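Structure first, commentary second.
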């Protein structure tokens, strides 16, 4: 029933509320501000499972806005010269680049990087 509460068709009946403190809850969450680079706890790992036998370098633990995560992912893909993606709060880099990605993150100011 919770998914139906956010359906726009369910809100069509809402015309007016007499409650002065009424705010309609759309269920959307606000993005948190991005932590400074020195406070980010990033973890760099290699994954092979569930990827059709392909090796992927995964960067986890980024806390902040989606735009900042995408910008960091774009930077890492460019510096490594490979493809990848940013989804579910993780940066995926095609190939086995753990040492290079960890070094690039430290050079960018992410001092609490493990990898």
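The values are calculated or read from the model by the stated rules, or taken from the named source; none is laboratory data. Computed from a prediction, not measured in an experiment: that's the story for all the values here. For neighbour counting, all protein chains shown are included, and Cβ atoms are generated from backbone atoms with ideal geometry for every residue, glycine included.
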- Message: Only one of 71, 85 is assigned to a helix (DSSP H, G or I) and surrounded by fewer than 20 Cβ atoms within 10 Å (Cβ to Cβ). Can you tell me which?
- Response: 71
- Query: Say we look at the stretch 92-110 and pick out the residues that are closer than 14 Å to residue 73 by Cβ and part of a loop (DSSP other than H, G, I, E, B); which of these is modelled with the lowest pLDDT?
  - Reply: 110
- Taking the options 26, 34, name whichever one is at pLDDT below 75 and over 21 Å from residue 100 (Cα atoms). 26
